[in-house]
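To keep things clear, I will list the structure first and then write my remarks on it.
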Amino acid sequence: MSIGIKIYNQGIRILSGFIPLKSLRKKFRNRFFKRIPLYFVTHSLYGKIYMPHYELSIPIMCQEPEIYNAQGERMRTFFVRSYLDAHYPNSDSKYFLWDRFNVSLPVHFYKHRAILETMNNNGGGQNTPILTRANP
């Protein structure tokens, strides 16, 4: 939660203290109090889906994991940020994988609406290529 929301909500609490009736205080707080953003969404089929959690006090390893395909060849791993392909997190390629959470990987791909949402300006994503396609 941002500092601005915390300060705003504290101001609403202070102002509501001047309202004499408890029922009016409650209406005032419900009307103007800003809600804390949810860290999960509820889906009718899957239930709660939690947003990714990053341990901010420990740096993410900025090396590709060692993953091999059925032929014994090492696969490359790239960071991808996309709104359209969230339901399909893996690729059908036998040469590379998409990773949606490891922002420290050296190669990043951003697609469609996420093209301006570049992440990790501290080491990962150097010489970041941007991939997009035109809508027909």
With all protein chains in place and a 1.4 Å probe, Ser44 shows an accessible area in Å² (nearest 10) of 120
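Fully extended, how many nm does the chain gain between Gln71 and Leu116 (0.36 nm per residue separation, minus their Cα-Cα distance)?
12.5 nm
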Using a Cα-Cα cut-off of under 21 Å, which lysines could be cross-linked to Lys6, ignoring same-chain neighbours fewer than 8 residues away?
Lys26, Lys27, Lys34
To the nearest 0.05, how large is the calculated FRET efficiency for Lys34 and Met61 if R₀ is 41 Å and r is the Cβ-Cβ distance?
0.70
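The values are calculated or read from the model by the stated rules, or taken from the named source; none is laboratory data. This structure is a prediction, so every number in the text was calculated from the model and none was measured. As a convention, Cβ positions derive from the backbone with ideal geometry for all residues, glycine included, and neighbour counts pool all protein chains shown. With ligands, DNA and RNA removed, areas are computed over all heavy atoms of the protein, side chains included. Shrake-Rupley method; radii C 1.70, N 1.55, O 1.52, S 1.80 Å.
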